[in-house]
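I have placed the structure first, in the form of structure tokens, so that the comments after it can refer back to it.
The values are calculated or read from the model by the stated rules, or taken from the named source; none is laboratory data. Just so we're clear, the structure is a prediction, and the values are computed from it rather than from any experiment. Here the Cβ positions follow ideal geometry from the backbone for every residue, glycine too, while neighbour counts run over all protein chains shown. Just so you know, the surface numbers come from the protein's heavy atoms only, side chains and all, with ligands and any DNA or RNA stripped out. Shrake-Rupley method; radii C 1.70, N 1.55, O 1.52, S 1.80 Å.
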Amino acid sequence: MKWQDVNWELFAPLIAIQVVLLIIALIDLGRRDKDAVRGSKLLWVFVVVLVNLIGPVLYFTVGRKNES
Amino acid sequence: MSLLEVTGLVKKFGVQTAVDGLNFEITPGRCLALLGPNGAGKTTTLRMLSGLLEPTSGTIRFTGGSEKDIRGIIGYLPQYPAFFNWMSGREFLSFAAKLAGLSGKEAAARTEEVLERVGLKESAKRRIGGYSGGMKQRLGLAQAVIHRPKLLILDEPVSALDPQGRREVLELMREMKRETTILFSTHVLHDVEEISEEAIIMDKGRIIVQGDLQKLLYDHEQPLIRVKARNLPIEWVRGLRKEPFVRELNETSDGFTVLVTDVSLARSSLLRSIADLEIEVESFEIGATSLEDLFLRAVSAG
Amino acid sequence: MSAWLLLFRKEMLESARNFKWIWIPLVFLALGITNPITTYFMPEILQAGGVAAEAAKLIPTPTSEEIIVKSLSQYGTLGMLVFALSFMGIVAGERQSGSAIMVLVKPVSYGHYITSKWAAMTCITLAAVTLGQLGTGYYMNVLFDDNVYSEALVSGLVYALWLILLNSITLLLSCLMKAPAGIAFVSVAFAALLSLVTQLLGDAMRWSPSRLTAEAGRLVEDSGAGDDLWLLVLITAALIAILLTLATAASRRMLR
């Protein structure tokens, strides 16, 4: 099997997951007050967009302040 | 017949005693103010009454009902009410109503009623996270009365508000007074005079005075004379302490104040001396002590 | 509606509104499908990395069982961290902000307050692990023509029990401690320590719940339960019950 034969459909779900995570992270970031985000919002936009998978996860776990 | 009886209530946090042996009663239908400076133990007392804190010793007895859980007949507004910011105002009230045991239907109806009452109908759909301080305070009041409690406990309900918000909340409290018994804490005497019928003044965990507000005012209303003048002979002023009509003498930077027993006697005696000694009087004022003087004196003495 | 159900629904709604219900299962799904894919393409990946074709062929292809076990171990490390970090504030946050008072001043049982939170955490955990294992199963089917759905799901369930135990510890710590980072740290450190001690002491720690992870793997590899599986399940369930009781007691004292 060669690289050209790779069935890219196999990867589609992984890519979709990353896109969904990225989008909801950005939605959450957009909705949130400055005070409810740890660190600068702009920084998180970069982290979320540029770091695959881990970026949004980092944002969701440590980027948000617990708001109740 | 009282709604609630508190006997020997004590709360200790480690070695520190926050509340040190309170005894009082709450009469149904009356509004009772708990007045005291910060750190007097007001919040701790209210939290014990609302079932959030276990007293170290002493009893709180509700004579009104045989409720197993006193939280069911109490509505409580903390000093800094915090909500779930992701809920809307309506969602939160409905949640609070159901927590208090109202059925789904009742809860929905009561939510609308209370929203209307506190003026949050228009903002009911918005996230609480976007509410202003005054709106949150009104939402806090709303959740406290949602289940028609027999006793409404409010911790510093107006302290953190601007004059406008203060007005609104006091007005709401006045309305709620018609339906329920209110116990609220404050460190501002003016709030007490404005709305309550009874008052307890506490400091350092103890009650200093308590009773019917009118009676307290009357009992602690003492005639006084305030004199402002330039060339006051110090010996004469100090000598006044020996006069039979003087109860208490306080020197101020520009004169002195005397609490007196007999106003007319004091007035003629003082005026005569002023004329004899040729004192340059700027003002000579006859008045009475207020509850505020009582509050301040009580607190500094305690 | 009963008070417990009301509190539970509030927790579920909260997790939906702050996207926990979406992102945590998605992360597990990603973990679950990454393994079969990387295994499948391993020879190509090695070749691209400069390893000769003959040499690459010598590296044995892992069995389906090994792939599932690898997925599980990733839930153990990354997944555990994700849960500790996302649940650390579940009580501490409400206490810090003061919203816990608004709930507890109503005639609500403290036990309901704690267990409703625990149930919501458990639902998310089960959903996440199940989704991840379904992902693994699906890819095993497509790539290796191997039907391992039931093995994947059963072992996932056993593994989830270990995660649920760790969540219960996080929940208890959340009632006791104030700093969220400290809560997450202690939870993770506890899990790591227990696993380490269990490995070092061997037989003396036969009862240790951290062995659930190994048992989950055995379920797949030997296609049969190990002797200790039921004992471990029972012990873990008992520990969870104890942790919830302690958390309830702690929550009574947490409002100064």
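Below is a table of values for the structure above.
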read-out: Qualifying residue in the stretch B:65-84 (condition: more than 10 Å from chain C (Cβ to nearest Cβ) and touching a residue at least 40 places away in the same chain (Cβ under 8 Å)); value: yes
read-out: Residue check for B:Arg61: more than 11 Å from chain C (Cβ to nearest Cβ), more than 16 Å from B:Ile26 (Cβ to Cβ), among the basic types (Lys, Arg) and out of contact with any Gly (no Cβ under 7 Å at 6 or more places or on another chain); value: no
read-out: Residues of the stretch A:36-57 satisfying the condition of being closer than 22 Å to C:Ser15 by Cβ and more than 9 Å from chain C (Cβ to nearest Cβ); value: A:Ala36, A:Val37, A:Arg38, A:Trp44, A:Val48, A:Ile54, A:Gly55
read-out: Check on C:Leu26, farther than 30 Å from B:Arg71 by Cα and either open to solvent by 40 Å² or more (accessible area, probe 1.4 Å) or within 13 Å of chain A (Cβ to nearest Cβ) (or both); value: yes
read-out: Number of the condition not met by A:Asp28 [criteria: (1) modelled with pLDDT under 90; (2) acidic (Asp, Glu); (3) not in a loop (DSSP other than H, G, I, E, B)]; value: (1)
read-out: Answer residue from the stretch C:86-101, given it is more than 8 Å from every other protein chain (Cβ to nearest Cβ) and open to solvent by 10 Å² or more (accessible area, probe 1.4 Å) and is nearest to C:Met121 (Cα to Cα) among those; value: C:Ile90
read-out: Members of the stretch C:229-256 found to be part of a helix (DSSP H, G or I) and over 14 Å from C:Leu165 (Cα atoms), listed by number; value: C:Leu229, C:Trp230, C:Leu231, C:Thr248, C:Ala249, C:Ala250, C:Ser251, C:Arg252, C:Arg253
read-out: Positions within the stretch A:42-58 being open to solvent by 60 Å² or more (accessible area, probe 1.4 Å) and part of a helix (DSSP H, G or I), in sequence order; value: A:Leu42, A:Leu43, A:Phe46, A:Val49, A:Leu50, A:Ile54, A:Leu58
read-out: Test: residue in the stretch C:138-150 that is closer than 28 Å to C:His112 by Cβ and either out of contact with any Ser or Thr (no Cβ under 6 Å at 6 or more places or on another chain) or surrounded by fewer than 16 Cβ atoms within 10 Å (Cβ to Cβ) (or both); value: no
read-out: Residue in the stretch C:60-75 that is under 20 Å from the mean Cα position of the chain (by Cα), small (Gly, Ala, Ser), open to solvent by less than 10 Å² (accessible area, probe 1.4 Å) and away from chain A (no Cβ under 13 Å) present; value: yes
read-out: Every pair of residues 6+ apart whose Cβ atoms lie under 7 Å, when the first sits in the stretch C:174-193 and is free of Cβ contacts under 8 Å to residues at least 12 places away in the same chain while the second is part of a loop (DSSP other than H, G, I, E, B) and of a type in the set (Lys, Arg); value: none
read-out: Residue list for the stretch B:30-41, restricted to those being open to solvent by less than 50 Å² (accessible area, probe 1.4 Å) and either under 20 Å from B:Asp212 (Cβ atoms) or aliphatic (A, V, I, L, M) (or both); value: B:Cys31, B:Leu32, B:Ala33, B:Leu34, B:Leu35, B:Gly36, B:Ala40
read-out: Any hit, the stretch B:12-19, residues being aromatic (Phe, Trp, Tyr) and surrounded by 15 or more Cβ atoms within 10 Å (Cβ to Cβ); value: no
read-out: Index of the failed condition, C:Leu6 passing every other in (1) open to solvent by 50 Å² or more (accessible area, probe 1.4 Å); (2) farther than 24 Å from A:Phe60 by Cβ; (3) facing another protein chain (nearest Cβ under 8 Å); (4) at pLDDT 80 or above; value: (1)
read-out: The one condition in (1) within 14 Å of chain B (Cβ to nearest Cβ); (2) open to solvent by 60 Å² or more (accessible area, probe 1.4 Å) that C:Glu11 fails to fulfil; value: (2)
read-out: Helices (runs of 4 or more DSSP H) completely within the stretch B:183-277 that count 3 or more residues being in contact (Cβ under 8 Å) with a residue 12 or more places away in the chain and open to solvent by 50 Å² or more (accessible area, probe 1.4 Å); value: B:263-277
read-out: Residue in the stretch C:229-241 that is open to solvent by 30 Å² or more (accessible area, probe 1.4 Å) and over 25 Å from C:Gln74 (Cα atoms) present; value: yes
read-out: Among the candidates B:Glu175, B:Glu171, B:Glu179, residue that is out of contact with any Ser or Thr (no Cβ under 8 Å at 6 or more places or on another chain), in contact (Cβ under 8 Å) with a residue 40 or more places away in the chain and open to solvent by 50 Å² or more (accessible area, probe 1.4 Å); value: B:Glu175
read-out: Lone qualifier among C:Val108, C:Val51 - being within 12 Å of another protein chain (Cβ to nearest Cβ) and part of a loop (DSSP other than H, G, I, E, B); value: C:Val108
read-out: Within the stretch C:111-123, considering residues that are surrounded by fewer than 21 Cβ atoms within 10 Å (Cβ to Cβ) and in contact (Cβ under 8 Å) with a residue 60 or more places away in the chain, the one nearest to the other protein chains (Cβ to nearest Cβ); value: C:His112
read-out: Pairs, first open to solvent by 50 Å² or more (accessible area, probe 1.4 Å) in the stretch B:52-64, second at pLDDT 90 or above, C-beta under 6 Å, six or more apart; value: B:Thr56/B:Val10; B:Thr56/B:Lys11; B:Thr56/B:Lys12; B:Ser57/B:Val10; B:Thr59/B:Thr7; B:Arg61/B:Glu5
read-out: Selected residue (only one of C:Thr39, C:Thr34 is more than 8 Å from chain A (Cβ to nearest Cβ) and touching a helix residue (DSSP H, G or I) at 6+ places or on another chain (Cβ under 9 Å)); value: C:Thr39
read-out: From the options B:Ala100, B:Ala108, B:Ala82, B:Ala96, residue that is in contact with a Pro (Cβ under 9 Å, 6 or more places away or on another chain) and of a type in the set (Gly, Ala, Ser); value: B:Ala100
